[in-house]
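Since the structure comes first, as structure tokens, the remarks are kept for the end.
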Amino acid sequence: MSEQKVFMIANLKINDKDIYQIYEKGFFPILKKYDGEFVTYDDSVETFEGSSPLEGRAIIFSFPSPEKAREWFNDPEYQELAKNRRTAAELKNLSMIKSLPDRK
């Protein structure tokens, strides 16, 4: 298994806050199950440059490896919970970004 930390970046537009809160409540225990760490979220991202500014909420969280991130995403419990997010929000993207490898 890789020891390369990864960061997950999600961008979504919430349309139903009540249903989205169901997703939020269930999200954190499943994140912890895979040693994930929540970093931050922002509902008012400021774009400095570019043709595709983020809209809505930006979320950043991390996992200790790409494998843990994939296990989290493919977890049946998470996929069941994600139905609430899919109902409540328009997901623009969910991307995995690998950290820099250790320099030796």
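The single residue among Lys92, Lys68 that is of a type in the set (Lys, Arg), assigned to a strand (DSSP E or B) and either without any contact (Cβ under 8 Å) to a residue 24 or more places away in the chain or surrounded by 13 or more Cβ atoms within 10 Å (Cβ to Cβ) (or both) turns out to be Lys92.
Within the range 15-33, being assigned to a helix (DSSP H, G or I) and exposed (fewer than 14 other Cβ atoms within 10 Å of the Cβ) holds for Lys17, Asp18, Gln21, Lys25, Phe28, Pro29, Lys32.
The residues listed here are Tyr78, Tyr41, Tyr20, Tyr34; of these, the one that is in contact (Cβ under 8 Å) with a residue 60 or more places away in the chain and either among the aromatic types (Phe, Trp, Tyr) or touching a His at 6+ places or on another chain (Cβ under 6 Å) (or both) is Tyr20.
For the range 13-27, taking the residues that are of a type outside the set (Asp, Glu) and under 14 Å from Glu80 (Cα atoms), the one that is nearest to the chain's Cα centre (by Cα) is identified as Phe27.
For the structure I just gave you, tell me whether Ala58 is touching a residue at least 60 places away in the same chain (Cβ under 8 Å), in contact with a Ser or Thr (Cβ under 9 Å, 6 or more places away or on another chain) and either not in a helix (DSSP H, G or I) or not aliphatic (A, V, I, L, M) (or both). So Ala58 does not fit the description; no.
Values quoted throughout were computed directly from the atomic coordinates according to the rules given, and no laboratory measurement underlies them. Nothing here was measured: the structure is a model prediction, and the numbers come from that model. Glycine also receives a Cβ, built like all others from the backbone with ideal geometry; neighbour counts cover every protein chain displayed.
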